[in-house]
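See below for the structure under consideration.
The values are calculated or read from the model by the stated rules, or taken from the named source; none is laboratory data. None of the values given here were measured: they were computed from a predicted structure. In this analysis, Cβ positions are derived from the backbone assuming ideal geometry, glycine residues included, and neighbour counts consider all displayed protein chains. Surface areas here come from the heavy atoms of the whole protein model, side chains and all, with no ligands, DNA or RNA. Shrake-Rupley method; radii C 1.70, N 1.55, O 1.52, S 1.80 Å.
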Amino acid sequence: MTNPVNPLDRDDVIVRCKGVDYVGWTQSEVDRSLETLAGTFSIPITFDYSRPAPIVRGDTVQVLFGKTVVVSGWVLSAEPFYNKSDVGLRVLGRDRAGDLIKSSALHKGGQWRGVLVDRIVRDLVAPFGMDVVVEDGIDLGKKIDDFKLAHGETVLDAASRVVRLRGLLITRTALGHVALTKAGTRVFAGAIVGGRQYAQERGGNVIEMSGVGTDENRHSEYIAFGQGHTTAQMDFETARQLKARAVDPEITRYMPLVLNPEGNITKEDLQTLVDHTARVRRGQAWGYRYKVEGWTVNGVPWPTNERVAVWDDIAGINGEEWLITSVKQHCDLKDGKVSELVVKPVDAYATAPLKTKQKKGFIASKQNKGAR
């Protein structure tokens with residue numbers, strides 16, 4: 001596995017550093033998730049015995065599948081290894097956006113008034129050399145009346161807190177920047193085909209499947225209290241007692257959660273916050289993990305935050321589009337090249353009211369029979 005890289009091999013995982021491309025060795029892993037912001041990778045590369053180690057900690061690096069960049073970030077570790085036939089480095093790293101997870105949020109004055117949400121996020125990430133991409137068709141909503149940094153909070157915590165006020169998601173781009181978006185605005189060209197019936201009819205690509213998530217962090221209702229500015233339509237007593245409420249109809253026992261956003265805020269902002277919190281917690285609690293063959297579909301790597309058609313009679317899914325929230329792609333001597341996909345209901349991150357999930361399919365049928 002030496003240079004030059006064959007650009008026509010779209011399945012190769014490639015580490016690009018200092019203008020040189022290295023093909024990943026066996027046991028490579030690239031992990032991207034909608035919920036953790038930063039992608040990570042662990043890729044062994046080989047090089048000539050007579051040359052010094054080509055990659056060191058702190059280097060900028062890109063990871064590609066064929067010609068497509070999937071991660072742009074930093075080398076966190078480059079540990080040497082050798083055996084009878086090869087010498088190389090196991091390169092570990094993460095997205096540039098990973099720095100936002102670990103670093104504290106700093107801004108002169110620590111407060112914004114009367115600005116759009118993207119201005120606040122841009123100010124937070126600018127010191128890290130990152131830009132903010134507002135994806136096409138995304139409505140940033142009204143200006144934020146008042147937003148203050150909490151003492152010691154990280155950049156990601158602050159940015160996530162403010163985008164929630166507008167029902168937006170903050171995620172990363174493959175080129176190492178930050179994106180403000182909604183869930184599942186695009187549809188992926190591939191499909192997940194599993195179960196028994198659909199695998200026979202359509203030619204399955206699923207190696208294995210399992211359910212993911214629990215209701216541990218869900219609540220029956222979410223209540224937010226806040227304080228706004230007095231206006232001609234709102235007196236002082238009303239302005240200081242703003243309240244909003246969202247209900248999760250699937251949690252039937254009494255489990256309330258109170259949210260307390262800081263700064264002046266509107267009634268509409270509070271409602272968006274509780275709706276978004278209920279939706280995201282439901283999304284984190286429910287889904288499926290699929291292991292599928294290969295890293296790409298027609299040369300395009302499996303993405304995050306895109307909708308994909310799922311055909312699985314075991315899970316009771318009949319071609320509906322689910323949201324890809326996590327993609328882990330790895331290879332080893334046992335399974336070859338595989339992708340582990342986590343899919344969740346699209347409406348778990350949408351702006352529409354929550355809908356109660358209807359149990360159906362093979363598993364639900366077994367449960368119903370056992371209850372009779």
Students sometimes get this wrong: rank T214, T26 by accessible area, probe 1.4 Å, all chains present, largest first.
T214, T26
Mean Cβ neighbour count within 10 Å, used as a protection proxy, ranking 46-56, 152-162 highest first:
152-162, 46-56
Would you check the accessible area of D269, probe 1.4 Å, heavy atoms only, in square angstrom rounded to 10?
10
Taking a threshold of 19 Å on the Cα-Cα distance, which of the pairs K291/K344; K291/K337; K143/K344; K108/K148; K18/K67; K291/K328 fall above it?
K143/K344
Helix 361-371 sits off the longest principal axis of the Cα atoms of the chain, rounded to the nearest 10 on a 0 to 90 degree scale, by 60
Please work out how much length the chain gains when fully extended from L92 to K18, using 0.36 nm per residue of separation minus the C-alpha to C-alpha distance, in nm with one decimal.
25.0 nm
Run through the range 243-299 and list the trypsin sites (Lys or Arg not before Pro) located in a DSSP loop whose Cβ has at most 16 other Cβ atoms within 10 Å.
R253
What accessible area per residue comes out for the chain, rounded to a whole number of Å², with a 1.4 Å probe?
50
What percent do you get for the relative contact order of the chain when only Cα pairs under 8 Å and 6+ apart count?
16
Solvent-accessible area of I207, probe 1.4 Å, all protein chains present, reported in Å² to the nearest ten, please.
80
Ranked order, W322, W74, W295 - accessible area, probe 1.4 Å, largest first:
W74, W322, W295
Sequence-distant residues sharing a close amide H with V91 (under 5 Å, placed H)
I43, I45
Mind pulling the angle between the C-alpha long axis of helix 267-285 and the longest principal axis of the chain? Nearest 10 degrees, somewhere in 0 to 90.
40
Using the Kirkwood radius over Cα pairs of the chain, the Stokes-Einstein translational diffusion coefficient at 37 °C and 0.692 mPa s, in µm²/s and rounded to a whole number, is 144
For the chain, the accessible surface attributable to carbon and sulfur atoms (probe 1.4 angstrom, ligands and nucleic acids excluded) amounts in percent to 50
When only the heavy atoms of the protein chains count and the probe is 1.4 Å, how do T185, T252 rank by accessible area, highest first?
T252, T185
